[in-house]
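> Quick one: this structure, given as structure tokens, is what I'll be asking you about.
The values are calculated or read from the model by the stated rules, or taken from the named source; none is laboratory data. On a predicted model such as this, the values are computed, not experimentally measured, just so you know. Reconstructed Cβ throughout: ideal geometry from the backbone, glycine too, with neighbour counts over all protein chains shown. With ligands, DNA and RNA removed, areas are computed over all heavy atoms of the protein, side chains included. Shrake-Rupley method; radii C 1.70, N 1.55, O 1.52, S 1.80 Å.
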Amino acid sequence: MTDKNVAGSNNSDLTEMNRSAIVRILQQKMCSRADIARMTGLTQASVTKITAVLIEMGIVSEVGIIKGNGNRRSIGLRLNAEDRLVIGVKFSRHMFTIGVFDISGKLYTVRQTDFEVTKDTGEVIAKIKKQIHGLLKKYTNVVAIGMAVPGPFFREKGRIAVITAMPGWHDVDFVSEFSDEFDKPVFIEQDANAGAMAEWWFGKHNRPVTTLAYLLAGEGIGSGVVDNGNLLLGMKGVASEIGHMSIDVNGPKCECGNFGCLELYCSAPQMIRLAKRKIPKLLGDRYNNRSEECNAVFDAARGGNKKAEAVVDEIGRYLGYGCINILNAYNPDIIVIGDILSKGGDLLLPVIMETIKERVVPEIYDNAEIEMSELGIDSTLLGAAAIATDKVLRRPSEYLAIV
Ligand SMILES: [Zn+2]
């Protein structure tokens, strides 16, 4: 086995890396060969040679004349994204959602299936597989499958570490279940890492981003960090589990074994618990799921209900503490907050920013950009597609030259 610390690169690896660099640029925008040379530092001659191969493989096309750097007119190149599809699977506590996307993030079809948490895991897995097989039959140019599962997810074992209220699922080996089933590559990540990748690949941020942190605020609290295009994974792939960072060492015990974990203070279930305690009449049995319940609390706060405002305020403050830990640990350019609670961004953001301002050094506060996710598609689902997209763009000749 190669020691990662001293691994070298063979010529074939370098060729693939250069192809990947070009394809990754073209995933973001149309460019001329000169633009690519400028951005990658490759010589014009190298770019010409590499793009010729990519054109021959059908991965890239010429699109006629475009205006390049300094208004120079040159031939544009584009990625043939619509010919390469990925299937994204979001697996969560009460449902799974499967979508077909192309590698530019365009959604073709999506379907959500609810299941009972107590249901036999084999039955649910069979349903997921059946739907994927159906899609592979219909969409013949799928190049990979990406899957997002609740974290922490141990990639080597293929298993989810702690999954609240879903005991049977702890024993499921997701990697072998799904990799052995299909003749397409399957890539699995925890949900917050998937969300981070969705923001990295498909988010429209108004400045260049080097380090992006994604804070998943939904059924649980999680985070994912992408640094220069790479997910921060740690030894077992469970790095940046901000939800299980203790914010009160004497706080209540969490299922992970730690005490006073952030997740216990500002997840969607916690917001609902608070609302039910402080405003018992607000929620009742009227709503179908946690997302609707949280939205009802946000609406009440927007309508001036003081108790609802207090609930939202408390959640916002704790999300702020989470952001402070992320800022101090990773120094990101941007933190994007996504999932259920991002629907209350208009109310939560001011509280989050105020909390951060009180507690972090001014240089960090002044440069910190905190945003709510604006992807328009469930960021974990799009993230599952982004995980697959990222992998195939890293090895274009292996995964993209097959159509
Ligand atoms: Zn915990």
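> Determine, from the Cβ-Cβ distance of residue 7 and residue 52 and an R0 of 30 Å, the FRET efficiency 1/(1 + (r/R0)^6), rounded to the nearest 0.05.
Taking R0 as 30 Å, the efficiency between residue 7 and residue 52 is 0.55.
> So, one more: Note down the relative contact order for the stretch 9-79 as a percent, whole number, built from C-alpha pairs under 8 angstrom at least six residues apart.
35
> Restricting to bridges with both residues inside the chain, how much of the DSSP beta-bridge set is antiparallel, in percent to the nearest 5?
Antiparallel bridges make up about 65 percent of those DSSP assigns within the chain.
> For the stretch 33-130, what's the relative contact order in percent, using C-alpha pairs closer than 8 Å and at least 6 residues apart?
Answer for the stretch 33-130 is 15 percent.
> With no solvent and one equal point scatterer per Cα, compute the Debye intensity ratio I(q)/I(0) for the stretch 9-79 at 0.15, 0.22, 0.25 Å⁻¹ and report its log10, rounded to two decimals.
-0.43, -0.92, -1.18
> A follow-up question, please. With each label point set 7 Å from Cα along the Cα-Cβ vector, what nm distance links residue 278 and residue 233?
Spacing of the two 7 Å Cα→Cβ label points: 4.1 nm.
> May I ask you to compute the full-extension gain from residue 83 to residue 259, defined as 0.36 nm times their residue separation minus their alpha-carbon distance, rounded to one decimal in nm?
58.5 nm
> Further question on the same structure: Residue 124: net charge of surrounding residues, Cβ under 12 Å, Lys/Arg +1, Asp/Glu -1, itself excluded?
0
> With the dipole of the chain worked out from charges on the C-beta (+1 for Lys and Arg, -1 for Asp and Glu) around the Cα centre, which of 275, 323, 196 lies farthest toward the positive end?
About the Cα centre, the residue reaching furthest to the positive side is 196.
> In nanometres, what is the gap between the two model label sites at residue 354 and residue 74, each 7 Å from Cα along Cα-to-Cβ?
5.2
> Taking a probe of 1.4 Å, how large is the accessible area per residue of the chain, in Å²?
Here the per-residue accessible area is 47 Å².
> Expected output is a single nm value to one decimal: the length gained when fully extending between residue 109 and residue 302, i.e. 0.36 nm times separation in residues minus the C-alpha distance. What is it?
Contour length minus Cα-Cα distance gives 66.1 nm.
> Bin width 10 Å, alpha-carbon pairs only: give the P(r) of the stretch 209-373 as whole percents, running from 0 to the bin holding the largest distance.
Going out from 0 Å in 10 Å bins, the stretch 209-373 shows 11, 39, 35, 13, 2 percent.
> Students often get this wrong, so check it: of 276/306; 307/343; 90/129; 137/184; 127/391; 306/343, which have C-alpha atoms separated by over 23 Å?
The pairs that break the limit, which is 23 Å between Cα atoms, are 127/391.
> What is the Cα centroid distance between the stretch 276-341 and the stretch 137-154, reported in whole angstrom?
30
> May I ask you to give the percent of accessible area on the chain that is carbon plus sulfur, with a probe radius of 1.4 Å?
Of the solvent-accessible surface of the chain, carbon and sulfur hold 49 percent.
> Can you tell me what share of the DSSP beta bridges in the stretch 95-195 is antiparallel? A percent to the nearest 5 is fine.
So the antiparallel bridges in the stretch 95-195 amount to around 65 percent.
> Further question: Out of all DSSP beta bridges with both ends in the stretch 209-373, state the antiparallel percent to the nearest 5.
55
> Check cross-link reach from residue 236 to the aspartates and glutamates: straight Cα distance under 20 Å, and skip same-chain residues fewer than eight apart.
3, 156, 171, 173, 177, 189, 191, 227, 255, 390
> Next question. How far apart, in nanometres, would the label points at residue 246 and residue 130 be if each is projected 7 angstrom from Cα along the Cα-to-Cβ direction?
For residue 246 paired with residue 130, the spin-label model returns 4.7 nm.
> Mind pulling up the Rg/Rh value for the chain? Radius of gyration and Kirkwood radius, both on Cα.
In the chain, Rg relative to Rh is 0.99.
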